[in-house]
Amino acid sequence: EGRLQGSESSDKRMSSQARFIAKHKVQTEEFDFSKSASIADLKLHLTQLFRLQNCKIVGIRLPKRRADADIKLSDIRLAKTQRIRVIGQSIADAESMQKADKLYEEKLQIEAMLAEEERKAEEKRREQERIEAKRREEERKKREEERRRKWEEEMEERRRMRSQMPEFVSHRGQSETVEGSVVRLVVQGLESKKADRTDRLILPEGALQRVVDAKVPFPLTFKISRAAKNKDKPGKNENEKEGLSPMEIEEEATSSTDKTPEDEKKIVKTTRDEVHASVSEFTAPSSIAYIPSRVLEALGATPGEILNMESVSLGKAKSITLQPQQHSWFEIDEEERKSLLEFYLRSYQFLELGAILNIPYVGKNYSILVKKLQPDVGAVSITDTDLSTEVVKPEGKAPAKVHETLEIDDKVSLDLLPEKYTFAEFKIEDVMKGYKLSVRGNSMNVGVDMYISTKFKYPSHLNFEKASQCQEQTEIVLSDADPFFASGTVYIGLRSSSTTSKINIKLILKATSRGESKGHVLGSFNAVSGSLSKCDNCQRMIPTRTLAMHKLQCIRRNAFCKECNVVIPRRHFKRHQSLVHSPVVCPDCGEKCKDQGALQTHRLRSCKHRIVSCAFCAMKLRYFERDEHQKICGMRPCICLKCNQPFKKREMRYHLSSVHGMRIEDVTFRDYI
């Protein structure tokens, strides 16, 4: 908007010069009007001033039907202060709109180009897919042709072998062992990992039709024996003695101790003339049977040897008597032994009199002899039957006990050898709850290492839960705060650092109730001893009057370990540093740990070889074995003791928590059978 202002002369006529005051935002402009100035000149001036196009003036009454150039400003009657409005399009806005339109058109062109490129790329991709599909189809046809060619060659080879070797002999008529026909096979026995996994035979394809034709009753059972011409040849395991597997790392750590007679015992693997096995599948090549390795070992046969097979039918077992060959079998907890036998006997379908069952458990191998069968025959079936099992003691004298038994308040003197372990044990009863148990040892100026554990039967510097090392007067205190302070057996490992010596061990049970006085506490004030001061070397509170004399002796005798905050006799300090604060390798998995404490944390929490418990039975396993074991164990049937309903073991936690209101973390395998 602008303002036209004219100045009147004395004769009240508009001056030839008038001022045009235009206000645009905060700008004020002047315009000198001449007598000859017209409306066209005004529009031109305003167009140039405000950069407008298509300018139009509103607010002035102009004569109609006259051109702007013909209308003089002097002919227009103006008020003293005349407001006018200029309407027009800004040239800058028009330019920007044109520029925007141009950019939009360019954008549309670019998008069209990109769409065209995408369309071409999609066509190219589809063409490549068609080419690839065609190539795969050709390869499939080639593989199919190759498979068909190999199958024809294999069938031709089978026909050739059948013409050279009598594969099957079927005897019709009654037999003492089978109702109906007996099928006899002559095959070449080979080892196979698949057969070892299933623990069953894999027979030739042609054997299935012969078995069906002969109407052999199921489950299929074959009696296997070596061919007569091979019986005089010793097999790979005949007359071969195989020692027991190495003991666990806790026993390896005790290699300095004298081995028990059982550790040195060697078991002779006896071979048998006949072994029974069931059938897994009929997928082996012609004239070949895949045999589990334990069956070949029991026969004393070598892979590739010719074997005779005869179908038989075995009766159900009522009871069996087993005899472990190692006395250490009975060191396993009774519940663990029961779960262990139940788990491994499920992998056997038959038991033979005199057979040796090899059962691995937590790094050890246990050999168990089948001593007696009921009914009293050479072999029985143990599938789908209620089996009564009796376990008898091994023959021969039991080895001397390695662990010395400790009792409360009894003092026991033990002989210690340099860098060799001596072991002791004691039991924690339920009545000890609420008490603290102190294990004290005095070795008469000889550095002694004491290790305590409930998980490891042979505690050592590699296997322990609490320890006191390089001390001449050692003490370990157990209380309810310790996670392993529960009913059970606690094992102690002791060794001397340098020379042969004796150590006096005593268990002291003290109450921890609030009313009982616990004696003088280091660091507290005692009226008898006077004021106390802290020794800078051993960090103990010493009476001030004797502090100077104490420091003279303490610096000479003791050293303070800043890493573990314990006082060590100075003559054992170097050994303490090398034993406790040096890098060490985990003996189970080989992982390197920065010190002894890190090793114990690793072995108890993260080592894949650490011992853990099954969630569904009493067995203990290595951590890396637990998942596979629990997949099998969790599928076993069981009965809830609260409602007598059948479930799978893996379903019992949810059942007991949702139906009977038990907390999931409180459910154990003892809540069902």
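Data overview
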quantity	calculated
All strands (runs of 3 or more DSSP E) inside the range 377-416 with 2 or more residues being closer than 29 Å to residue 427 by Cβ, of a type in the set (S, T, N, Q) and out of contact with any Lys or Arg (no Cβ under 7 Å at 6 or more places or on another chain)	none
Failed item, numbered, when residue 412 is tested on (1) surrounded by 13 or more Cβ atoms within 10 Å (Cβ to Cβ); (2) within 38 Å of the chain's Cα centre (by Cα)	(2)
Out of 561, 607, 586, sole residue that is open to solvent by less than 30 Å² (accessible area, probe 1.4 Å), more than 30 Å from residue 672 (Cβ to Cβ), more than 20 Å from the chain's Cα centre (by Cα) and without any contact (Cβ under 8 Å) to a residue 60 or more places away in the chain	561
Strands (runs of 3 or more DSSP E) (entirely within the range 517-607) containing at least 1 residues that are of a type in the set (S, T, N, Q) and modelled with pLDDT of 85 or more	532-534, 558-561
Test set (1) open to solvent by 80 Å² or more (accessible area, probe 1.4 Å); (2) at pLDDT 65 or above; (3) of a type in the set (D, E, K, R) - residue 179 fails condition number	(2)
Members of the range 326-337 found to be open to solvent by 40 Å² or more (accessible area, probe 1.4 Å) and assigned to a loop (DSSP other than H, G, I, E, B), listed by number	333
Residue match in the range 89-100 (condition: closer than 30 Å to residue 64 by Cβ and outside any helix (DSSP H, G or I))	yes
Residue 65 being open to solvent by 100 Å² or more (accessible area, probe 1.4 Å), in a strand (DSSP E or B), of a type in the set (D, E, K, R) and within 16 Å of residue 39 (Cα to Cα)	no
Members of the range 617-647 found to be within 21 Å of residue 455 (Cβ to Cβ), open to solvent by 30 Å² or more (accessible area, probe 1.4 Å) and outside any strand (DSSP E or B), listed by number	623, 624, 625, 626, 627, 630
Selection status of residue 650, under 30 Å from residue 461 (Cα atoms), part of a helix (DSSP H, G or I) and open to solvent by 30 Å² or more (accessible area, probe 1.4 Å)	no
Test: residue in the range 375-393 that is on the phi > 0 side of the Ramachandran plot and at pLDDT 80 or above	yes
Residue check for residue 314: open to solvent by 40 Å² or more (accessible area, probe 1.4 Å) and either among the polar types (S, T, N, Q) or over 26 Å from residue 620 (Cβ atoms) (or both)	yes
First in the range 658-669 and surrounded by 13 or more Cβ atoms within 10 Å (Cβ to Cβ), second anywhere and of a type outside the set (A, V, I, L, M), Cβ under 6 Å, 6 or more apart	660/642; 667/653; 669/616; 669/617
Selected residue (only one of 121, 100, 133 is among the aliphatic types (A, V, I, L, M), closer than 30 Å to residue 55 by Cβ and open to solvent by less than 100 Å² (accessible area, probe 1.4 Å))	100
Count of the range 338-360 residues which are open to solvent by less than 30 Å² (accessible area, probe 1.4 Å) and β-branched (Val, Ile, Thr)	1
Residue ID - most open to solvent (accessible area, probe 1.4 Å), chosen from residues in the range 36-55 that are among the charged types (D, E, K, R) and within 21 Å of residue 95 (Cβ to Cβ)	51
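Yes or no, residue by residue, for (1) touching a helix residue (DSSP H, G or I) at 6+ places or on another chain (Cβ under 9 Å); (2) open to solvent by less than 60 Å² (accessible area, probe 1.4 Å); (3) not hydrophobic (A, V, I, L, M, F, W, C):
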| residue | (1), (2), (3) |
| --- | --- |
| 383 | no, yes, yes |
| 394 | yes, yes, yes |
| 399 | yes, yes, yes |
| 427 | no, no, yes |
| 440 | no, no, yes |
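The values are calculated or read from the model by the stated rules, or taken from the named source; none is laboratory data. Bear in mind the structure is a predicted one, so any value in this text is a computation, not a measurement. Note that we place each Cβ from the backbone using ideal geometry, even for glycine, and neighbour counts take in every protein chain shown. Remember, those area values only see protein heavy atoms, side chains included, never the ligands or the DNA or RNA. Shrake-Rupley method; radii C 1.70, N 1.55, O 1.52, S 1.80 Å.
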